[in-house]
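Undergrad: Can you read through this structure? Questions will come right after.
Every number in this text was worked out from the coordinates using simple rules, so none of it is lab data. Quantities reported herein were computed from a predicted structural model and do not represent experimental measurements. Ideal geometry is used to build each Cβ from the backbone, glycine not excepted, and the neighbour counts take in all protein chains shown.
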Amino acid sequence: MKKQLPSLLLRIAFLILFVFLIITKRFQLWLIIYIAGVLLAPIFGRIYCGYACTMNTVMRPIQKFSRKRGIQKQKVPTWLESPKLAYAVLILSLATMLLGKRVLGRDIPILLILFLTSLVVTFFVKSTVWHNGLCPYSVLLRIGGRFARYSRQVDPSSCERTQKCIKVCPSGAITMTGIDNKAIIDPATCHQCEACSTVCPHSAISYTKIG
């Protein structure tokens, strides 16, 4: 828990900022933080998702709660996790904003709508459905993460295939397809959130420069 405290406080700080911008109706300013995350993704990976994204921050406890109550379904159709869906949601979100401005003459709080939608989705299905298949913000972040210079990586010599990292990864970025069928992390989908590093009993996962 002590290892996670700094990152937890950072996520809470961004959550408080998000709530403040929503209350003061200045939620468009959040786009500045998102754009910064997109620009940094090719260097540091998807750190926006791991630390700044308020959806991810609130989805974590919701997923834990729904799993314990047996509400969340672990098996879902594979098409729900298709990256192509994120493009469709992105186009729909932009169209809604434009139509709201031109037809209704007002700003549609699309960011708030997506935030609430992500919570509802995660209550019933695993978080990877939102992160990999529905989140429109993941479109650019996934592209940037693919070229990340730094990312969470697994040391094959230390990995003992416990698969604990796979169970806690919110985006399904870890698979057992590496050297000798050991864990490997996909930078394009990894949120750089420390969840895997924390649970690994052999300290085989660290945030390092990709060789």
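Undergrad: Suppose every Lys and Arg Cβ carries +1 and every Asp and Glu Cβ carries -1, with no other charges. What dipole size does the range 149-209 come out with about its Cα centre, to the nearest 20 debye?
TA: Around 80 debye, computed over the range 149-209.
Undergrad: On to the next question. What are the residues whose amide H is under 5 Å from the amide H of I185, where those residues sit 5 or more places off or on another chain and H is modelled from the backbone?
TA: Hits under the 5 Å cutoff: V154.
Undergrad: Something else now. One quarter of the convex hull surface, Cα atoms only: what value does that give for the chain in nm²? Walk me through the numbers on the way to the answer.
TA: On the way: hull surface 49.5 nm².
Computing the convex hull of the Cα atoms and averaging its projections yields 12.4 nm².
Undergrad: Short version: ³J(HN,Hα) in whole Hz for each residue of the range 83-98, in order, from phi by Karplus 6.51 cos²θ - 1.76 cosθ + 1.60 (θ = phi - 60°), x for Gly and Pro, what are they?
TA: x, 5, 5, 4, 5, 5, 5, 4, 4, 5, 5, 5, 5, 5, 5, 5
Undergrad: List R67, R11 from most exposed to least, where exposure is judged by having the fewest other Cβ atoms within 10 Å. Let's see the in-between values first.
TA: On the way: R67 12, R11 21.
In increasing order of surrounding Cβ atoms, one gets R67, R11.
Undergrad: Also, I was wondering about something else. Can you put D155, D107 in order, fewest other beta carbons within 10 Å first?
TA: Numbers: D155 15, D107 12.
With the sparsest Cβ surroundings first, the list reads D107, D155.
Undergrad: Along the charge dipole of the range 82-211, Cβ charges K/R +1 and D/E -1, which of T128, I185, T162 sits furthest on the positive end?
TA: Going by the Cα projections, it comes out as T128.
Undergrad: Mind putting a number on the dipole of the chain about its Cα centre? Charges go on the C-beta only, +1 for Lys and Arg and -1 for Asp and Glu, and I need it in Debye to the nearest 20.
TA: Dipole of the chain, to the nearest 20 debye: 420 debye.
Undergrad: Limiting things to C-alpha atoms, what are the Rg and the maximum Cα-Cα separation (Dmax) for the range 149-209, in angstroms?
TA: Final numbers for Rg and Dmax: 10.0, 27 Å.
Undergrad: Relative to the first principal axis of the alpha-carbon coordinates of the chain, what is the inclination of helix 30-44, with its axis defined by its Cα atoms, in degrees from 0 to 90 and to the nearest 10?
TA: Long axis of 30-44 versus the principal axis of the chain: about 30 degrees.
Undergrad: Aspartates and glutamates near K64 by alpha-carbon distance under 19 Å, same-chain residues fewer than 8 away left out - which ones?
TA: Here the aspartates and glutamates satisfying the reach criterion relative to K64 are E194.
Undergrad: Treating cross-link reach as a plain straight distance, find the lysines whose alpha-carbon is under 25 Å from the alpha-carbon of K209, omitting any fewer than eight places away in the same chain.
TA: Those lysines meeting the cut-off are K2, K3, K164, K167, K182.
Undergrad: Label the range 93-211 by shape, choosing from rounded, prolate and oblate, from the square roots a ≥ b ≥ c of the eigenvalues of the Cα gyration tensor; if a/c is under 1.5 it is rounded, and otherwise prolate applies when a/b is larger than b/c, oblate when it is not. Write out the running numbers ahead of the final one.
TA: Values: a/c = 3.56, a/b = 2.32, b/c = 1.53.
Here the range 93-211 falls in the prolate category.
Undergrad: Could you go through the range 189-200 in sequence order and give the Karplus-derived ³J(HN,Hα) for each residue, using 6.51 cos²θ - 1.76 cosθ + 1.60 with θ = phi - 60°, rounded to whole Hz, and x for Gly and Pro?
TA: Along the range 189-200, the couplings run 10, 5, 8, 6, 8, 6, 4, 5, 4, 5, 8, 5 Hz.
Undergrad: Something else about it: How do T198, T54 line up, fewest other C-beta atoms within 10 Å first?
TA: Working: T198 15, T54 22.
Taking fewest neighbouring Cβ atoms as first place, the list is T198, T54.
Undergrad: Next up: I'd like the orientation of helix 110-124 relative to the chain: the angle between its Cα long axis and the longest Cα principal axis, in ° from 0 to 90, rounded to 10.
TA: 50 degrees
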